[in-house]
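Student: Before anything else, here's the structure in question.
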Amino acid sequence: MTTRAEFFDRIRVEMRKTTGLFPARTAERPARPLETADLVRRQLAERWPETAERFRTELERVGGVFHRVPSVAAVPRVVATLARERSTRHLVAWHPEGIGAHLDAELRDAGLQVDGVSLGGADDERLAIRGAAAVAGIGLTGVDLAIAETGTMVVRSGRGRPRSTSLLPPCHVAVFDPTVLIETLEQAGVFLEAWHSAADPGGAMINFITGPSRTADIELTLTRGVHGPKEVHAIFVEGGLDG
């Protein structure tokens, strides 16, 4: 039987294994967040290859899987392969407006059963999509921001982009291109301010997704998939989603 002293000693040993990665500091709130966000995008447009590589490294460090494809035409093949490897054909997907590309027809041609989301948002439809997401093998979404510093994908919910798509299926697949890459959490704060300042901010909920869902009990035994997907895959489209 473990004594109280032994119990706390084990916790202290585990806590000493990880030190702070960087010091915390307060970021200055931008006076004109929309203009600042636009400036950040223009600055990053020329150095996205380095940003994408750092995102890949950090995503893989937290257990995510990175797929790089040259064009949006290759995305359905990657998704179909993931489905086949997981012995599933059932996929629930955001509306094309939320993903940034029309993929439903190609996914169905690849043999997948696709439950797509409309922009209607009626109560019965939301319940139906939530039920579909609960039994689907894969949830397909877009990405609003991809933060290279931590390998984090920022996903906003809203019309045509329900939270259940990224939370309920055991495998979450997110599609994005260089336009959403940013370097730091500080830059992410600028975009949060910009969204808040916009006439139509969009999104009832903002989720920061850093790898697969994981939790640890008081003895620090790590378990995946308790509060969300066991797997997170990021499909990076080099040529852009509109290409």
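Student: Taking Thr179 and the conditions (1) of a type outside the set (A, V, I, L, M); (2) in contact with a helix residue (DSSP H, G or I) (Cβ under 9 Å, 6 or more places away or on another chain); (3) within 17 Å of Ile206 (Cβ to Cβ); (4) assigned to a helix (DSSP H, G or I), which numbered condition does it fall short on, given that it satisfies the others?
Tutor: If we test Thr179 against (1) of a type outside the set (A, V, I, L, M); (2) in contact with a helix residue (DSSP H, G or I) (Cβ under 9 Å, 6 or more places away or on another chain); (3) within 17 Å of Ile206 (Cβ to Cβ); (4) assigned to a helix (DSSP H, G or I), just (3) comes out false.
Results for (1) touching a residue at least 12 places away in the same chain (Cβ under 8 Å); (2) part of a loop (DSSP other than H, G, I, E, B); (3) closer than 18 Å to Leu145 by Cα; (4) among the polar types (S, T, N, Q), shown as yes or no for each residue.
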| residue | (1), (2), (3), (4) |
| --- | --- |
| Glu28 | no, yes, no, no |
| Arg54 | yes, no, yes, no |
| Glu60 | yes, no, yes, no |
| Ala80 | yes, no, no, no |
| Ala83 | yes, no, no, no |
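Student: Return the residues of segment 85-121 that are part of a loop (DSSP other than H, G, I, E, B) and over 23 Å from Val155 (Cβ atoms); say none if nothing qualifies. Even if it seems obvious, please write down each step before you answer.
Tutor: Step one: of segment 85-121, the residues part of a loop (DSSP other than H, G, I, E, B) are 86-89, 94-95, 100-103, 110-112, 117-121.
Matches in segment 85-121: Ser87, Arg89, Ala110, Gly111.
Student: For segment 3-41, which positions are closer than 16 Å to Thr184 by Cβ and either modelled with pLDDT of 80 or more or charged (D, E, K, R) (or both)?
Tutor: Across segment 3-41, the qualifying residues are Arg25, Glu28, Arg29, Pro30, Pro33, Thr36, Ala37, Leu39, Val40, Arg41.
Student: So, one more: State whether one or more residues within segment 65-73 are surrounded by fewer than 16 Cβ atoms within 10 Å (Cβ to Cβ) and either among the charged types (D, E, K, R) or assigned to a helix (DSSP H, G or I) (or both).
Tutor: Within segment 65-73, one or more residues are surrounded by fewer than 16 Cβ atoms within 10 Å (Cβ to Cβ) and either among the charged types (D, E, K, R) or assigned to a helix (DSSP H, G or I) (or both).
The values are calculated or read from the model by the stated rules, or taken from the named source; none is laboratory data. Keep in mind that what you see is a predicted model, and the values were worked out from it rather than measured. Virtual Cβ from ideal backbone geometry, glycine too; neighbours counted across all protein chains shown.
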